[in-house]
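Below is one structure, written out as structure tokens, with a few remarks after it.
All of the numbers you see were taken from the coordinates with simple rules; none came from a lab. Everything quoted here is computed from the prediction, not taken from an experiment. Cβ coordinates were reconstructed from backbone atoms using ideal geometry, including for glycine residues, and neighbour counts include every protein chain displayed.
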């Protein structure tokens, strides 16, 4: 009789498991054969390509607008009055690291030498509006040679 008392909970457990199994099969029979998932369409696949194309189109439009502004409105980024006092007239690269600049500042024309050591004033004269004469005529020759070799003095 002792063994019957121990076996009763086992029967109850087996009966409970059988009942759960029957309920699960009944629920499985009630489910439709196909669960309605969202199906991908060719339009969904093209969405990524359309987004990339829209981004590239927007970049091209922005580049085109910037090019048009630079081409037809060159003074759009220049402040009024700033270009009247200081203007770069000419620049000639002498070596990889040195440049000869002709600059108008106020009423004077300046000849500047720029290299890796700094900027040096090589000559100056009054600015001639239609003057095409070389500004280097007032420039001392040793200063110009020193600029070309990279040994310009710093005053």
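Remark: the residue 41-residue 20 segment gains 3.6 nm on full extension, using 0.36 nm per residue and subtracting the alpha carbon distance.
Extending 7 Å from the Cα toward the beta-carbon at both residue 87 and residue 50 defines two label points whose distance is 5.4 nm.
As a rough footprinting exposure proxy, the listed residues 99, 119, 61 were ranked by other beta carbons within 10 Å of their own, and the order from fewest upward is 61, 119, 99.
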